[in-house]
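Values quoted throughout were computed directly from the atomic coordinates according to the rules given, and no laboratory measurement underlies them. The structure presented is a predicted model; accordingly, all values stated were derived computationally and were not measured. With ideal geometry, Cβ positions are generated from the backbone for all residues, glycine too; neighbour counts draw on all protein chains shown.
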Amino acid sequence: MSNKAQKGDVLLDIKSLEIEGFSDEKWHEIIKGVDLTLRRGEVMGLIGESGAGKSTLGLAAMGYTQPGCRITGGSINFDGVNLAQMSDEQMRGYWGNRMTYVAQSAAASFNPAHRLIEQTTSSTIRFGIKEKAEAHKDAHVLYAALNLPDPTNIGDRYPHQVSGGQLQRVMTAMAMSPRPDLIIFDEPTTALDVTTQVEVLSSMRAIVEEFNTAAIYITHDLAVVAQMADVIKVLRYGEEVEEAATRQMLKSPKQDYTKSLWSVRALQKEEHTATDSIMSLRGIDAAYGTAKVLFDVDIDVPKGSTVAVVGESGSGKSTTARVITGLLPQSAGSVVFDGDALPERLADRTKEQKRRIQMIYQMADTAMNPRQTVRDIIGRPLEFYLGVRGKANTERVIELLEMIELNADFLERLPAELSGGQKQRICIARALAANPEFIICDEVTSALDQIVQEGILKLLLRLQSELGLTYMFITHDISTVKAIADQVVVMNEGRVVEQGSKTEVFQPPHPAYTELLLSSVPEMDPDWLTNLNAARNR
Amino acid sequence: MSEDIQTYSATAESGNVYERRSRWAKIKLAARKSPYTARFGITVILIYVLVALLAPLLAPYGEAQVFPAPYEPWSSTHFFGTDQIGRDIFSRMIYGARNTVGIAVATTLLSFLIGGSLGLAAAIDRRWIDQIFSRSVDVLMAIPSLIFALVLLSIFGSTVLNLIIIIAVLDATRVFRLTRSVAVNVVVMDYVEAAKLRGEGLGWVMRREILPNILPPLIAEFGLRFCFVFLTIAALSFLGVGIQPPTADWGSMVRENANLLQFAQYDLRAGLTPLLPAAAIALLTVAVNFVVDWFLHKTSGLRDEQ
Amino acid sequence: MHPVLVTVLQRLALGLATLVAVSIIIFISIEMLPGDFGQIILGQAATKATVAAFRAELGLDMPAYLRYFDWIAGVLQGDLGTSFSGRAASGQDRSREVAELIGPRLQNTLFLAGITALISVPLALILGISTALYRNTIYDRSINAATLTTISFPEFFVAYILILFLSSLNQWLPSLANVDASTPLGERLTRIALPALTLTLVIIAHMMRMTRAAIINLLASPYIQMARLSGASRTEVIVKHALPNAWAPIATVIAFNLAYLVVGVVVVEVVFVYPGIGQLMVDAVTTRDIPVVQGCALIFAVTYILLNLTADIIGIITNPRLLHPK
């Protein structure tokens, strides 16, 4: 580290930065004149939705632009030098030395050919900050500080030999090893499950505090950034919306846009009292080949209500949906729909049975054939199930489009000509076209920005009350559950851990796993992580 | 202009008009932005097609018409002179466009028909169909295709039909692999699953959901496979085991007139004669490659720029 | 057992299975001969008895699987059967052993292919890697355009252009590559200069393009961006981060092109009248001398399979995921 200056001195000063990116054979503005000031020892959260330019800005803080991008204006002053005017060659003296980077996908960002310890210490040794032996010893200390298991030996492993959450912590150790002045965290926990995320966040925060390093933390999740940052800057379309100290931002955001960032959290569905079940799973076991993934699953879905199935990746929640649809025949147990047991295999079910159960997917992008127009996509189930053809078909498609708050102008559009939210709406309309009674929603909002999520959830709620639909809502996101569910099913490792009405499940006491899951969901409170760790250590 | 706006505003038709115009506009835009290499390629391909179609009208003499003087030099009566038994080389070049290119196109079409449909079937039915075809293709591809073609030709004899079938079957292995790998990526898409969940039959899923989405890479591959087939047939004919005389064919014409090359120091034009059919082959492959290169560049979303 | 060993053994077993399958295919080819084949080979004047004797010699009266084992046992001992040529209607037999025919010619072919590989492999790798590193520069674009043109040329076109300029217009190099066992090495090298140059040009074009694509693919990996962001110099990025992961794709490219070389040799040998196995095979095809065709095909196929096998094994033993299992 260079001449250690006082905490509070300006370290990074970006002035009216402009960056362009090349796509569709044209240059487009990505960053439109953003200012950013970061002091030593300060952590700034950069928050925004997809396309806000937050990652581009974060990398630009290091003087780095991705291939296909260029800086067209402004200055990036880092400790007195303007990075925007330096060559790659000159910048190399800073990268990995005074500023380091933690990427979103640790699994892809580690070189598969080298041991973790070599990668952790390579820049420290290259820049002569420490001798090899000393650097390795220091890495062990960092691993320990980051709560990695077996800190003296874990570095001898190769990247594919450790888990995703551990890899992300090793990458933080790598970023910390040269004791930089600045670390850029680029969505480091986005790919992790909530229970892992909490642990990684805690270790990251502890180590940044310990070494008093300045950091920029990029994310789309306000609750996460609230735990990490002293200051939050909100970006949208490459421009700054507002900047404020974390507590102030959470308490009284000035801009409506900022409020919309946690709009889903404000939704609370009023609980619908349970009636007769329309769908019951009884003792379901299922396996992929020889790997058993579901164990004795019992789920009841009351008619006209929403059951949210919650769990982390690998919990078996999506497999449950596959069993219900008949894509994966169960090895034991039965699926009872409206009083009748459904045949296990999709091929054995009648057209009518298929029609009554519809599915909406997580990725609307891949759920629609990119070569079919909206008219074809929605019109096909009408024709297929109900025999509606020609003019009547078009009229009904328009009706459905209006139901999902779109209009006839969209008839001839291809999926590529729709926005993310519009795509998901078309998928909803496709499901509705079959006049179903039961709809499985598989993470339907998790790929969408917050404000769009809110719109989709509201739409689903409205359709439910108008059409008396029953939903099975698969999600990993607790705030979505609160927004839409009447009943909650918690799953872990292929088993149902807990099930009941929303109030029951969210009310303590919980089974251990539910407790862990619920407590791991970051809240909009800067002290949440501190309190949680204190509570867990007790 | 005003008419356009009126039709556009009519709700019932607006979609169609919008769609067709945009497609036209896209083609025009693409053509305007195409690099010179691609324009050159398209022009050359069009000329070859015209020559092949109009061969009897363009050629001054017949395909196998023999004149008394062999190895006649270039002149106004015999534009590129005559060959070793006195046939007009210029006329044979023109007929060659029809024969050599025509046979190569037919072979490529057949190989796509075989390889494409089997590849699609294998991608959809991942159980035994896939296993059987994939393993057989692995074995077939373990033998270099030119060598395999030589073996088969030595058994069945070199007729045009045998040539087309043998090369098409051997080449179909590569088409099979590509179609399968592209289609496998499409088959796992949610929209295919959605169609299956809806209860659509196999025919619908193949025709409406998968085929339109694997077409662009297959079109590019068609160009590349055509080049490969064209060069293989030319090589076989050059080796004397492909298209047989008296059919005018560029590969065998090179071989037949190769002797003239040694006279280049006395008469450069005579020396160039055997290179003419070879150049005709090369020019077409270059042209197709240029067009495919551009097409790949466009459909891959400038992957190379990354 | 170590997973690398397991994977290598699996791959070897697969290679062996492929070899067996290929040998069966080549063997079956003789089964497909038309019934009057003996007549065609021996000529119209051949008597029924001669034809019958010929058929018996081929073993056509035995069941096919027995003949396969006979044949494959022979092949393993270096006996590829007897050539069809040299037989006459009279029943007089001046035919030669296939192995005897192939032996010296195989040496010639390996000599030509070896020299070509020695020149073209390093050159193609250097060109491929450098164009990948200096992507979209004029250097890259011109090499790219040049190689795209070259791969579009039939081998004989390249060969004749070279003959025209280097042998016909200027008598710098011989256009005939007729060598025999007595030709001294220096003379031999001059004679094969043109065929080797032709093959080199064709191979380099293919190989350089594939190397370039493989390297570009590799450089797009997130860990390369990470290496740059940790301050690694250009050389360090290439040598320490890209290269250890590049062996598998590069080995595949080399094997593919050497296999291609083996095939390209056929046409080039015919152009330059070089007494190699390719020319032998083409002659045998024209005279429908099946045993010779089979023998040559078997040798080509085995070479091809072994090259690909080697590439796969290099890929396996340099794969860190297999080298360092969980």
Long-range amide H partners of A:ARG157 with built H, under 5 Å: A:LEU116, A:ILE117
Contact order normalised by residue count of chain C, Cα under 8 Å, 6+ apart, percent: 25
Separation in nanometres of the label points that stand 7 Å from Cα toward Cβ, at A:TRP27 and A:GLN255: 2.5
Using alpha-carbon coordinates, inclination of helix A:390-403 to the longest axis of chain A, degrees: 50
Of the GluC sites (Glu not before Pro) in the stretch A:442-538, those whose Cβ has at most 15 other Cβ within 10 Å and which sit in DSSP loop: A:GLU493
Cα gyration tensor category, rounded, prolate or oblate, for the stretch A:13-90 with a/c compared to 1.5: oblate
The stretch B:127-184: radius of gyration over Cα atoms, expressed as a fraction of 2.2 N^0.38 Å: 1.24
Estimated dipole of the stretch A:10-266 in Debye, rounded to 20 [Cβ of Lys and Arg +1, of Asp and Glu -1, Cα centre]: 340
Relative packing of peptides B:27-34, A:328-335 - highest average C-beta neighbours within 10 Å first: A:328-335, B:27-34
Relative packing of A:69-75, A:199-205, which averages over residues the other C-beta atoms within 10 Å, highest first: A:199-205, A:69-75
Taking the convex hull of Cα positions in the stretch A:177-252, its mean projected area over all directions (nm²): 5.8
Average beta-carbon neighbours from other chains, 10 Å sphere, peptide C:312-324: 2
Surface/4 of the Cα convex hull for chain A, nm²: 27.2
Compactness of the stretch B:173-258 - radius of gyration and Dmax, Cα, Å: 20.3, 64
Cα convex hull volume per residue for the stretch C:146-245 (Å³): 158
Relative contact order [Cα under 8 Å, 6+ residues apart], the stretch A:10-266, whole percent: 27
Separation between Cα centres of the stretch A:52-80 and the stretch A:448-526, rounded to whole Å: 39
Cα Rg over Rh - the stretch A:10-266, Kirkwood: 0.96
Sparsely packed chymotrypsin sites (Phe, Trp or Tyr not before Pro) within the stretch B:197-300, loop by DSSP, other Cβ within 10 Å at most 14: B:TYR266
Cα long-axis angle, helix C:48-58 against chain C (0 to 90 degrees, to the nearest 10): 40
Per-pair calculated FRET efficiency, R0 = 35 Å: C:ALA213 and B:GLN262 via Cβ, rounded to 0.05: 0.30
Angle between chain C longest axis and helix C:98-133 axis [Cα atoms, degrees, rounded to 10]: 20
Of the trypsin sites (Lys or Arg not before Pro) in the stretch A:381-444, those whose Cβ has at most 12 other Cβ within 10 Å and which sit in DSSP loop: A:ARG389
Two-site FRET efficiency, A:ALA347 against C:LEU12, from Cβ-Cβ distance with R₀ of 30 Å, rounded to 0.05: 0.15
Inter-probe distance in nm under a simple model that places probes 7 Å from Cα toward Cβ, at B:VAL188 and A:ALA206: 3.8
222 nm mean residue ellipticity, helices alone, for the protein assembly as shown (DSSP H n ≥ 4; -39,500 (n - 2.57); rounded to 500): -17500 deg cm²/dmol
Relative contact order for the stretch B:89-299, counting Cα pairs under 8 Å that sit 6 or more residues apart, in percent: 25
In sequence order, calculated HN-Hα J values of the stretch B:272-279 (Karplus, 6.51, -1.76, 1.60; Hz; x Gly/Pro): 7, 3, x, 7, 4, x, 5, 5
Cα-derived Rg to Rh of the protein assembly as shown, Kirkwood definition: 1.02
Within 10 Å of each Cβ in A:345-355, the average number of Cβ atoms from other chains: 2
Rg/Rh ratio calculated on Cα atoms of the stretch A:385-538 (Kirkwood radius): 1.07
Label-point gap, in nm, between C:ASP70 and C:THR137 - each point 7 angstrom along Cα→Cβ: 6.5
Integer Hz, Karplus 6.51/-1.76/1.60 couplings in order for the stretch A:309-320, x for Gly and Pro: 9, 10, x, 8, 4, x, 7, x, 5, 6, 4, 4
Kirkwood Rh in Å, taken over chain C so that all alpha-carbon pairs contribute: 22.9
Peptide C:145-156 - average C-beta neighbours from other chains (10 Å radius): 6
Partners for A:LYS482 among lysines (Cα-Cα distance below 25 Å; same-chain residues under 8 apart left out): A:LYS251, A:LYS259, A:LYS269, A:LYS303, A:LYS317, A:LYS423, A:LYS458, A:LYS502
Cβ-derived FRET efficiency at R0 56 Å, B:ARG207 paired with A:LYS458, nearest 0.05: 0.90
Per-residue HN-Hα couplings for the stretch A:79-95 [Karplus 6.51, -1.76, 1.60; θ = phi - 60°; Hz; x = Gly/Pro]: 6, x, 10, 8, 5, 5, 10, 9, 7, 3, 4, 5, 5, 4, x, 9, 5
Tensor-based shape of chain B (alpha-carbon gyration tensor, a/c under 1.5 rounded, otherwise prolate or oblate): oblate
